[in-house]
Amino acid sequence: MLTPCEVAVKCALPSIRAMIANELRSKYNLKQAEAAKLLEISQPAISLYQTKLRGTALNLENDPDITAQVAKHADYLIKGTATHKEKLLSFCGICKTLREKGFLCKIHKAFEPAINIETCGFCQTANQCP
């Protein structure tokens, strides 16, 4: 059994990081190395996100809720005033939103064909997890 969190790690996490990296680079004019330092990832990873060689499993750019959360998270990183817990909650909030909106369902189905995504509904109840 593959959990939704495992699907998120494989597919959503790179897409979210790519969006945050692009936000840091375009809105705040950061160099790749600067964005990498804030995201605590490597500069080559930023390059792969920018050239769309990584982080393309999900296209989240057209979702206003996700883009607003990404912008808020990038702002947290730039200001440097958010606590570690606040940054974690912010990032997890982005993932929770995309799960609730069903972005991972088709990908999860591709990994586990036996799942009935029409009746599952697990991700829509993500806020009920302990």
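The values are calculated or read from the model by the stated rules, or taken from the named source; none is laboratory data. Not measured: the values here are computed from a predicted model. Cβ coordinates were reconstructed from backbone atoms using ideal geometry, including for glycine residues, and neighbour counts include every protein chain displayed.
A few remarks follow.
- Residues being of a type in the set (V, I, T) and either farther than 18 Å from V7 by Cα or without any contact (Cβ under 8 Å) to a residue 40 or more places away in the chain (or both) - total across region 82-106: 2
- Inspection of region 21-40 finds no residue satisfying the criterion of being modelled with pLDDT under 95 and either basic (K, R) or touching a strand residue (DSSP E or B) at 6+ places or on another chain (Cβ under 9 Å) (or both).
- Some residue of region 50-58 being on the phi < 0 side of the Ramachandran plot, surrounded by 17 or more Cβ atoms within 10 Å (Cβ to Cβ), in a loop (DSSP other than H, G, I, E, B) and not hydrophobic (A, V, I, L, M, F, W, C): yes
- Some residue of region 108-125 being part of a loop (DSSP other than H, G, I, E, B) and either touching a strand residue (DSSP E or B) at 6+ places or on another chain (Cβ under 6 Å) or at pLDDT 95 or above (or both): no
- Residue pairs meeting the criteria (Cβ under 7 Å; at least 6 apart or on separate chains; first under 10 Å from M19 (Cα atoms), in region 66-81; second surrounded by fewer than 14 Cβ atoms within 10 Å (Cβ to Cβ)): T67/E61; A74/K27
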